[in-house]
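I have placed the structure first, in the form of structure tokens, so that the comments after it can refer back to it.
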Amino acid sequence: MTGPPPGRPFPRDLLAADSLAAARALLGARLVREADEPGGQRRRGRIVEVEAYIGLDDRASHARMGPTPRNRVMFGPPGIAYVYLVYGMHHCLNVVTEAGGRPAAVLVRAVAPEEGLDAMRAGRGGSTVPPHRLASGPGCVGAAFGVDRSFTGMDLCDPASPLHLEPAPPDEPAPQIAAGPRIGIAYAGEPWTSRPWRLAVAGSASVSRRMA
């Protein structure tokens, strides 16, 4: 049995632009995780919340100290996955943005599930949360989609990649977008804690936390 045909590739040029423009372009796009094995479930959902981390001067960014073995992919071409681990247990998926050499990435904070709910729930350890909350929060996105650090460097604009992005269906209305400060970056200090670089689809029940 063959799987579904490859979807449309996400345009890399949208990710090569300014990171806030790239973040807006990602809202409404689909995150797709192909089945691990024949007969397995394909996981797919609509991206509804993201955060941008931009340049060496952003004190909340992993790139603020310059390139390291962990963050080096942030300095590379747009459309590549950057996955890091927090608290020793949560894998967080980022999409590298802007031109190669300028470190920037957009963190995928929440996805509204559309396909593969059973696989997502299994990835969450059998969680009993409502379906729309299975991928609410960056660590939940990683778990629900089976993402770990081995995905770092994967081309998310390649429909043949096990994990990739697809643009929203052409007949789907553009989302209304709300903006607010990023979450969990008090260590960065001002002005970084107040920058409205967290973007979400307004009214989505899958957003990890309401906008202030």
(request) Could you pull out every residue, at least 5 positions away or on a different chain, whose amide H is within less than 5 Å of the one on Ala202? Hs are placed 1.01 Å off N in the peptide plane, and Pro or chain starts have none. (result) Gln176, Ile177, Ala178
(message) Per DSSP helix of 4 or more residues, -39500 (n - 2.57); summed, then divided by the residues of the chain. What does that give at 222 nm, rounded to the nearest 500?
(response) -3000 deg cm²/dmol
(request) First select every other residue whose beta carbon is under 11 angstrom from the beta carbon of Tyr82; then total the charges, Lys and Arg +1, Asp and Glu -1. (result) +3
(request) Under 13 Å from the Cβ of Arg42, count the other residues' Cβ atoms, weight Lys and Arg +1, Asp and Glu -1, and hand me the total. (result) -3
(request) Specify whether the C-alpha gyration tensor of the range 68-212 places it in the rounded, prolate or oblate class, a ≥ b ≥ c being the square roots of the eigenvalues: rounded for a/c under 1.5, otherwise prolate if a/b is larger than b/c and oblate if not. (result) rounded
(message) Suppose the chain between Glu115 and Ser150 were pulled fully straight at 0.36 nm per residue; how much longer would it get relative to their current alpha carbon spacing?
(response) 10.3 nm
(message) 5 Å is the cut-off here: which amide hydrogens, built 1.01 Å from N in the peptide plane, fall below it relative to Leu93, excluding neighbours closer than 5 in sequence?
(response) Val108, Gly142
(request) Fewest Cβ neighbours within 10 Å first, please rank Ser204, Ser127 accordingly. (result) Ser127, Ser204
(message) If R₀ is 35 angstrom, what is the calculated FRET efficiency for the pair Met65 and Asp171, using the beta carbon separation as r and rounding to 0.05?
(response) 0.20
(request) Give me the net charge of Arg209's neighbourhood, meaning all other residues with Cβ under 14 Å from the Cβ of Arg209; Lys, Arg count +1, Asp, Glu -1. (result) +3
(message) Quick one: 3J(HN,Hα) in Hz for the range 94-111, Karplus 6.51/-1.76/1.60 with θ = phi - 60°, rounded, Gly and Pro as x.
(response) 10, 10, 5, 10, 6, 5, x, x, 9, x, 7, 7, 10, 7, 8, 8, 7, 9
(request) With a Förster radius of 35 Å, plug the Cβ-Cβ distance of Val129 and Ala99 into 1/(1 + (r/R0)^6) and report the FRET value to the nearest 0.05. (result) 0.35
(request) Jot down the radius of gyration and Dmax of the range 48-148, Cα atoms only, both in angstrom. (result) 14.4, 43
(message) Per 0.36 nm of contour for each residue apart, how much would the distance between Asp158 and Ala202 grow if the chain were fully extended, relative to their Cα-Cα spacing?
(response) 13.0 nm
(message) Give me a comma-separated list of calculated 3J(HN,Hα) values for the range 53-58, in order, Karplus coefficients 6.51, -1.76, 1.60 applied at θ = phi - 60°, integers in Hz, x for any Gly or Pro.
(response) 10, 10, x, 5, 7, 6
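We did not get these values from a lab; they are worked out from the coordinates using the rules stated. These figures come from a predicted structure and were not determined experimentally. When we count neighbours, we look across all protein chains shown, and the Cβ atoms used for this are built from the backbone with ideal geometry, even at glycine.
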